[in-house]
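K.L.:
Here it is, the structure in full.
Since every read-out is calculated from the coordinates, none of them should be taken as a lab result. Keep in mind it's a predicted model, so treat the numbers as computed, not measured. For neighbour counting, all protein chains shown are included, and Cβ atoms are generated from backbone atoms with ideal geometry for every residue, glycine included.
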Amino acid sequence: MEREIYTFFTNDHRRLEAILDRATVVPETYDMKAYGEFRSGLLKHIKMEETILLPFAQKARGGEPLPIAARIRLDHGAITALMVPPPSPAIIAALRAILAKHDALEEGPGGMYEALDNLMNNDIEEVMKKVRVTPDVPLHPHKTGSFILDATRRALERAGYNLSDYER
């Protein structure tokens, strides 16, 4: 069986990790061009999962979402919230930790990508066409201020994470 969803999205995870590594090669100094590329790519990746993959899975399962869909969506909310403030050591540490857990949910045995590949049947070409033509997510400037960090903290808490765990 071809694992087209698994291969495409796992490769995209590795691509995004490499971009984040490039953006943070010097500790506490950020290559903002590379970070913008990471941010744009990550938000597009989430968009493809939220607007194409998860709805396809739910439809293919007769209206029943994947068992891990709620967890995936909570993580997406936390990750997206981390994209709003500018990078900092805590933001980068939280991103890396959450993405490691999140990617394992998607890539691991019985994960989202395996489930999707098993549900595809004759739909793979249609789904991958939608994935490949997904437009980039427009980036807005980073927002700062205590209210932004408070909102980010709340989004992480909803997903079971605590931003202070990543602060020095």
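K.L.:
Would you mind stating whether Thr152 is β-branched (Val, Ile, Thr), out of contact with any helix residue (DSSP H, G or I) (no Cβ under 8 Å at 6 or more places or on another chain) and closer than 21 Å to Gly36 by Cα?
P.N.:
no
K.L.:
Turning to a different aspect of this structure: Let me confirm something: among Ala78, Ala104, Ala100, which residue is closer than 29 Å to Asp31 by Cα, surrounded by fewer than 16 Cβ atoms within 10 Å (Cβ to Cβ) and within 11 Å of the chain's Cα centre (by Cα)?
P.N.:
Exactly one of Ala78, Ala104, Ala100 is closer than 29 Å to Asp31 by Cα, surrounded by fewer than 16 Cβ atoms within 10 Å (Cβ to Cβ) and within 11 Å of the chain's Cα centre (by Cα), namely Ala100.
K.L.:
Also, quick follow-up: Could you grab the pairs with beta carbons closer than 8 Å, sequence gap of 6+ or different chains, first residue in segment 23-42 and farther than 11 Å from Leu139 by Cα, second one of a type in the set (Asp, Glu) and not in a helix (DSSP H, G or I)?
P.N.:
Short answer, once both residue conditions are applied: Ala23/Asp31; Thr24/Asp31; Val25/Asp31.
K.L.:
I need the helices (runs of 4 or more DSSP H) fully contained in segment 1-119, keeping only those with at least 2 residues that are touching a Gly at 6+ places or on another chain (Cβ under 7 Å).
P.N.:
Once the helices (runs of 4 or more DSSP H) in segment 1-119 are filtered for at least 2 residues that are touching a Gly at 6+ places or on another chain (Cβ under 7 Å), what remains is 4-23.
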